[in-house]
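Presented below is the structure to which this report refers.
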Amino acid sequence: MTDRPFKVLGIQQIAVGGPDKQALRALWVDLLGLEVAGTYKSARENVDEDICQMGEGPLRVEVDLMQPLDPDAKPAVHQPPLNHVGLWIDDLPRAVEWLQAQGVRFAPGGIRRGGSGFDICFVHPKGNEQFPVSGEGVLIELVQAPPEVIRAFTALAHRGPGG
């Protein structure tokens, strides 16, 4: 395989869906103590979500609590309940170009601004004839890491084990 021109730095987010995000908030916010940092609604993406956070600084992780605006419409953000996982990528455009050349199928929409303000795109959960490589049932969000996240992960990597 050719040299990969990008790095996956770490987990940026997980997204959990349900028919009513208030039930999700009862666990994630009220009991586990995550902080609600924002909200996002999109008719195109059929989502009403609370953007929650755990951790601090550039290494914090989002937990997006999502409910569909229309439970009968697609995409069905509550099916399956663990909707997707987001990965910090150090060079999103190069990653997408390289991955497509390797046969990875991306969901429609291309690279675009996501609910948290970062550039994103999605690896499709199912392959097809043209692009047979997929998330094998998992929707994977690739998220362009901002400079402070890249620096933080680089510093951690250079510390070494137990550092």
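Below, the figures for the structure above:
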| quantity | calculated |
| --- | --- |
| Hits in region 50-70 - residues which are charged (D, E, K, R) and at pLDDT 90 or above | 50, 60, 62, 64, 70 |
| Residue count, region 37-58 (criterion: over 17 Å from residue 18 (Cα atoms), out of contact with any Lys or Arg (no Cβ under 8 Å at 6 or more places or on another chain) and either open to solvent by less than 80 Å² (accessible area, probe 1.4 Å) or in contact (Cβ under 8 Å) with a residue 40 or more places away in the chain (or both)) | 4 |
| Among the residues listed as 95, 73, the single one being modelled with pLDDT of 95 or more, in a loop (DSSP other than H, G, I, E, B), open to solvent by less than 40 Å² (accessible area, probe 1.4 Å) and farther than 22 Å from residue 28 by Cβ | 73 |
| Single unsatisfied condition, residue 136 versus (1) of a type in the set (D, E, K, R); (2) within 24 Å of residue 77 (Cβ to Cβ); (3) in a helix (DSSP H, G or I) | (3) |
| Residue in region 2-12 that is part of a loop (DSSP other than H, G, I, E, B) and touching a strand residue (DSSP E or B) at 6+ places or on another chain (Cβ under 8 Å) present | yes |
| Those residues of region 59-70 which are surrounded by fewer than 18 Cβ atoms within 10 Å (Cβ to Cβ) and over 15 Å from the mean Cα position of the chain (by Cα), in sequence order | 69, 70 |
| Number of positions in region 107-133 that are assigned to a loop (DSSP other than H, G, I, E, B) and among the charged types (D, E, K, R) | 2 |
| Failed condition for residue 79, given (1) open to solvent by 30 Å² or more (accessible area, probe 1.4 Å); (2) without any contact (Cβ under 8 Å) to a residue 40 or more places away in the chain; (3) in contact with a strand residue (DSSP E or B) (Cβ under 8 Å, 6 or more places away or on another chain) | (2) |
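The values are calculated or read from the model by the stated rules, or taken from the named source; none is laboratory data. If you're wondering where the values come from, they're calculated on a predicted model, not measured in any experiment. As a convention, Cβ positions derive from the backbone with ideal geometry for all residues, glycine included, and neighbour counts pool all protein chains shown. Calculation scope for accessible area: heavy atoms of the full protein, side chains included, ligands and nucleic acids excluded. Shrake-Rupley method; radii C 1.70, N 1.55, O 1.52, S 1.80 Å.
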